[in-house]
Amino acid sequence: MSARETIGPLTLDATIERWPLIKPLRITGFAWNTSEVICVHLGFGGQTGRGEASGVYYRGERAETMLGQIEALRPEIERGVSREALQALLPVGGARNALDCALWDLEAKLDSHPVWQIAGMEKPRPLLTTFTCGADSPAAMAATALSYAGARAIKLKLTGESEDAARIQSVRAALPSVGLAVDANQGFTPDSLRALMPALQETGVSLIEQPFPVAQDAWLDGFNSPIPIAADESVQSFSEMQQLCGRFQVVNIKLDKCGGLTEALAMARAAHAVGLKPMVGNMTGTSLAMAPAFLLGQLCTIVDLDGPIFLKTDRATPVQYANGSISCPAELWGYPC
C-alpha cells in the first residue's frame, strides 16, 4: 500500500495515558515523575493500528494539547487519510507522530507486510542503545549507571552546575570501559563547556548533545570541539537540517519532534547528504513509542531508546533489552496480526 493511498473511513480512538516513573528524572530546567502520553487507535477493515506520543515539552506540547489537535480534526481523519496527506493536515509534533505511527501499523496489518518492508528497509536487527542517567549527585549517577546490567553505552544528563565534572568522573570510575556521552539539554555556556572539556576528554566522552540554548547556536561558530556535538532541541524537522551544517556533526531525530516515522525516515536518509550523522532519540514513553523509533534506528549511527526503563510498568508486550541492545517483538507494532 502506497503512502498516497487514503485509508478510510476510519474509526479513531485517542486517549491520554499516564505512566508513573520509578524515580524522578531530572534534566536542565525540567523534572518528571510521570510519562504522560497520548495513545491513538485507528481502525479499518477489521484491523487496528496503534501509535503513541509524548510530545515536545520545551515547545509547550502536553497530552491535553495534542489530544485537542486530534479532536479538532476528527471529522477529516475519520473520513479517511493517507500518511502523505497527514503531513499537511497537522504540523510537526506529537499529535502527528501518534497518528502517523498508527497509520503505518494499520497499513502493515491491512497489507500483510511488516512496516520495514513497506518502508523499503532491511529486516530489523538488535541495536546497541545508550542508557540514561538523570542529573543527580555523582554517587547517585554512578549507582544508576551500575544498575543498567549489560549496558555498553551510558548518557549522562548534565546541567552546567559545578558538579558536572565529578558526575562524569564518578561514572567513569564505576564503569571504566563503557561508552560515555553527555547531554546538557541547553544547559552550558561556552565558558562552562570549555572548563568542562578536560574532564570530558580525560573520561573518554564520545558525544556532547545540545550544549547551548537553541537561541544561541551561533556560540558554536568557531568553537573547535575535539568531541562531536549533536543537535537535539536545535532541530525539529527535515526543513531545519541544513541550518545545522558547520555547527553540529550529529542530528538527533525524534519522532515526537518531527511528527512521525514518515518524516523521520526522510531525515535519516538525508542526513549524510548534508554532512550529519543520524541519531535516534526519544522523549520517554512506553515500548509502543520505542517500536517505530527502533525501526528508524536501523538507519542511524547512534541509538538512544531507553524510555521504558524509567517506567514502573510497561506495555503487555514490551521491547527487549539484553547485552546493552534493544530489540522489538513483532507482536508489539508494525507487523501483520
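Structure summary
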quantity: Highest-MSF residue in the chain out of Val56, Val303, Val178 [GNM, Cα springs under 10 Å]; calculated: Val178
quantity: Under 5 Å, built H, 5+ apart or other chain: amide partners of Thr132; calculated: Lys155
quantity: J(HN,Hα) series, the range 33-49, from Karplus relation 6.51 cos²θ - 1.76 cosθ + 1.60, nearest Hz, glycine and proline x; calculated: 10, 9, 9, 9, 10, 9, 10, 10, 10, 10, x, 6, x, x, 10, 9, x
quantity: Karplus 3J(HN,Hα) series, Hz, for the range 76-90 with 6.51 cos²θ - 1.76 cosθ + 1.60 (x for Gly, Pro); calculated: 5, 5, 5, 5, x, 8, 9, 4, 5, 5, 4, 4, 8, 6, 10
quantity: The chain: relative contact order in percent, alpha carbon pairs under 8 Å with at least 6 residues between; calculated: 19
quantity: Cα long-axis angle, helix 261-271 against the chain (0 to 90 degrees, to the nearest 10); calculated: 50
quantity: Spin-label model distance (nm) - Trp116 vs Arg74, 7 Å beyond Cα toward Cβ; calculated: 3.7
quantity: Integer Hz, Karplus 6.51/-1.76/1.60 couplings in order for the range 130-140, x for Gly and Pro; calculated: 7, 10, 9, 10, x, 4, 7, 5, x, 5, 5
quantity: Normalised contact order of the range 127-327, rounded percent, pairs of Cα under 8 Å and 6 or more residues apart; calculated: 19
quantity: Pair Ala166, Glu240: separation of 7 Å Cα→Cβ label points (nm); calculated: 3.5
quantity: Fraction of antiparallel bridges per DSSP, the chain only, in percent to nearest 5; calculated: 55
quantity: Extreme residue, positive dipole direction of the chain, given options Leu110, Met283, Thr144 (C-beta unit charges); calculated: Thr144
quantity: Long-range Cα-Cα pairs in the chain (distance over 26 Å), rounded percent; calculated: 46
quantity: Antiparallel content of DSSP bridges confined to the range 127-327, in %, to 5; calculated: 20
quantity: Lys, Arg +1 and Asp, Glu -1 on Cβ, resulting dipole of the chain about Cα centre, debye, nearest 20; calculated: 520
quantity: Pairs of lysine residues in the chain - Cα separation under 27 Å, sequence separation of 8 or more or cross-chain; calculated: 23
quantity: Long-range amide H partners of Ser35 with built H, under 5 Å; calculated: Trp19, Leu21
quantity: Cα-centred dipole magnitude for the range 11-116, charges only on beta-carbon of K, R (+1) and D, E (-1), debye, nearest 20; calculated: 380
quantity: Distant-in-sequence amide H partners of Leu158 (H built 1.01 Å from N, under 5 Å); calculated: Asp183, Ala184
quantity: Fluctuation leader among Cys300, Cys245, Cys39 - the chain, Gaussian network, Cα springs under 10 angstrom; calculated: Cys245
quantity: Space enclosed by the convex hull of the alpha-carbon atoms of the range 127-327, per residue, Å³; calculated: 108
quantity: GNM result for the chain, Cα springs below 10 Å: residue of Met241, Met279, Met290 fluctuating most strongly; calculated: Met241
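All of the numbers you see were taken from the coordinates with simple rules; none came from a lab. All figures in this text were calculated on a predicted structure; none of them were measured in a lab. Using ideal geometry, Cβ is built from the backbone for each residue, glycine included, and neighbour counts are taken over all protein chains shown.
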